[in-house]
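Written out below as structure tokens is the structure these notes cover.
The values are calculated or read from the model by the stated rules, or taken from the named source; none is laboratory data. Because the structure is predicted, anything quoted here is derived from the model rather than measured. When we count neighbours, we look across all protein chains shown, and the Cβ atoms used for this are built from the backbone with ideal geometry, even at glycine.
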Amino acid sequence: NAGVMQNPRHLVRRRGQEARLRCSPMKGHSHVYWYRQLPEEGLKFMVYLQKENIIDESGMPKERFSAEFPKEGPSILRIQQVVRGDSAAYFCASSPNQRSPGELFFGEGSRLTVL
Amino acid sequence: GESVGLHLPTLSVQEGDNSIINCAYSNSASDYFIWYKQESGKGPQFIIDIRSNMDKRQGQRVTVLLNKTVKHLSLQIAATQPGDSAVYFCAESSNAGGTSYGKLTFGQGTILTVHP
């Protein structure tokens, strides 16, 4: 049973470009969470999605950031017109439901560098 | 706002010693607490968790203690090994109001360095 898969592992973008980060949850998991980790800080919640629905996006910046989890395919975190402050590690986690606290698993992360 | 924080940012121990990492939280509604280990370049790895109706839970070489009176959480690692060197994060969540347990609030992290 493969774990949470994220790609790309490393992404370099110039200011103003778009970044797309992908997350395939563990098999059988329909709940996906995105977190952002700035250097030397803890992870910060961004968004919680179920298939085809955004459940909680209270941690998402209002501008330039969007997330989706389509019926088929991976979850996508999209950052438009990236700025240097977007440089961070972005982690995805998945769970089978929202009521199983011990069943949340993280991927290895996607590290975005904005030049 | 609500937060979870750590007392010590770094901890250095000798191999074989016991390690204690502390964490304070401020959200009284928190009912679930987790410790994660994060090695360089990797994602958080689950270590141990505890629900608010418990005050102690033991795993393999690790023990988590919860003091709800003072909103304090600690992770004890017995016979620390060089492979335990990593950043350790506490995190909390709550299912109150239908919030998902997957929505975690993380602390800043403690860097544990184990010297051989």
Looking for something assigned to a loop (DSSP other than H, G, I, E, B), within 23 Å of residue B:87 (Cβ to Cβ) and within 8 Å of another protein chain (Cβ to nearest Cβ) - is there at least one such residue anywhere in the range A:54-73? no
The residue that is nearest to residue A:38 (Cα to Cα), considering only those in the range B:14-47 that are hydroxyl-bearing (Ser, Thr, Tyr) and part of a strand (DSSP E or B), is B:36
Residues that are under 26 Å from residue A:45 (Cβ atoms), at pLDDT below 90, out of contact with any strand residue (DSSP E or B) (no Cβ under 6 Å at 6 or more places or on another chain) and within 11 Å of chain A (Cβ to nearest Cβ): does the range B:23-33 have at least one? yes
Boolean, residue A:89 is of a type in the set (A, V, I, L, M), within 14 Å of chain B (Cβ to nearest Cβ), more than 17 Å from residue B:99 (Cα to Cα) and not in a loop (DSSP other than H, G, I, E, B): yes
Would you check which residues across the range B:48-73 are in a loop (DSSP other than H, G, I, E, B) and within 14 Å of chain A (Cβ to nearest Cβ) and list them? B:52, B:53, B:54, B:59
Considering (1) among the charged types (D, E, K, R); (2) over 13 Å from the mean Cα position of the chain (by Cα); (3) more than 16 Å from residue B:83 (Cβ to Cβ), say which one residue B:49 fails and leave the rest. (2)
Please work out if residue B:111 is part of a strand (DSSP E or B), free of Cβ contacts under 8 Å to residues at least 40 places away in the same chain and among the hydrophobic types (A, V, I, L, M, F, W, C). no
Would you please name the residue that is surrounded by the most Cβ atoms within 10 Å (Cβ to Cβ), looking only at residues in the range A:1-28 that are in contact with a helix residue (DSSP H, G or I) (Cβ under 9 Å, 6 or more places away or on another chain) and part of a strand (DSSP E or B)? A:19
Being within 20 Å of residue B:43 (Cα to Cα) and small (Gly, Ala, Ser) is the filter; apply it to the range A:29-58 and report the residue that is surrounded by the fewest Cβ atoms within 10 Å (Cβ to Cβ). A:30
Looking at the range B:74-85, is at least one residue within 14 Å of chain A (Cβ to nearest Cβ) and either of a type in the set (Lys, Arg) or in contact with a strand residue (DSSP E or B) (Cβ under 9 Å, 6 or more places away or on another chain) (or both)? no
Where residues in the range A:92-115 are over 25 Å from residue B:94 (Cβ atoms) and touching an Asp or Glu at 6+ places or on another chain (Cβ under 7 Å), which of them is farthest from the other protein chains (Cβ to nearest Cβ)? A:114
